[in-house]
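Here the structure comes first, spelled out in structure tokens, and everything after it is commentary.
The values are calculated or read from the model by the stated rules, or taken from the named source; none is laboratory data. Because the structure is predicted, anything quoted here is derived from the model rather than measured. Cβ placement follows ideal geometry from the backbone for every residue including glycine, while neighbour counts extend to all protein chains displayed. Accessible surface is based on the protein model in full, side chains and every heavy atom, while ligands, DNA and RNA are left aside. Shrake-Rupley method; radii C 1.70, N 1.55, O 1.52, S 1.80 Å.
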Amino acid sequence: TQLLEQSPQFLSIQEGENLTVYCNSSSVFSSLQWYRQEPGEGPVLLVTVVTGGEVKKLKRLTFQFGDARKDSSLHITAAQPGDTGLYLCAPREMNTGFQKLVFGTGTRLLVSP
Amino acid sequence: KAGVTQTPRYLIKTRGQQVTLSCSPISGHRSVSWYQQTPGQGLQFLFEYFSETQRNKGNFPGRFSGRQFSNSRSEMNVSTLELGDSALYLCASSLGPRDRSSYEQYFGPGTRLTVT
């Protein structure tokens, strides 16, 4: 069973600031997904990264997959109140055909106007 | 294309009762996974169904069970409810084991279960 750690656990910032959240593990992943969840709703898929070193951009969000595929980061530029939510990383283990996702504990982000 | 739907959205039950939750996946998706989310434990995997067969199961007691129908709709059942079963139960659908993109899971809004 992989150990999955997300940091920081909580982040409270002002609108316009930049931030980075991290997802780290001792295991190598075949792929990794990032989700954002708002209170009382299900997680919404933001991106899937597959290749080591891969960088994907989604408007002001930049996702990076580590070269060794053991870690990932999410950088938000000029955060807005609409970015508020719980950010979850969910790697998929190597060599498995199963759909099971192991979720990190998440980073709870609050962006104040 | 309609998203994943879950019914009911909210449910209140008492200890000892049983409950059945329903999930309709995105059209064309054949894999359905269930997760339990609590403030203390986060999102934890319950089980996954594909083509009416349970392919994977998390570390939950036998009181938690599920099934999938031929139209890919799925239900999960919790018997002999305990206070600790209070949680948000999430269903996620995906295409199924074909290629890398088919592993992307799309979640429903969840069913909030409160056990009193």
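Here are a few things to note about the model shown:
- Odd one out for B:Pro61 among (1) more than 9 Å from every other protein chain (Cβ to nearest Cβ); (2) in contact (Cβ under 8 Å) with a residue 12 or more places away in the chain; (3) open to solvent by less than 70 Å² (accessible area, probe 1.4 Å): (2)
- One residue stands out among those in the range B:5-40 that are β-branched (Val, Ile, Thr) and farther than 20 Å from A:Val102 by Cα: the one that is farthest from the other protein chains (Cβ to nearest Cβ), which is B:Thr14.
- The set of residues in the range B:64-82 that are open to solvent by less than 30 Å² (accessible area, probe 1.4 Å) and either within 12 Å of chain A (Cβ to nearest Cβ) or touching a Gly at 6+ places or on another chain (Cβ under 8 Å) (or both) comprises B:Ser74, B:Met76, B:Leu81.
- Filtered by the rule that a residue be crowded, with 18+ Cβ neighbours inside 10 Å, in a strand (DSSP E or B), within 11 Å of chain B (Cβ to nearest Cβ) and of a type in the set (Gly, Ala, Ser), the range A:8-58 gives a lone residue, A:Ser31.
- Residue, farthest from the other protein chains (Cβ to nearest Cβ), within the range B:43-58, restricted to residues that are open to solvent by 20 Å² or more (accessible area, probe 1.4 Å) and of a type outside the set (A, V, I, L, M, F, W, C): B:Glu52
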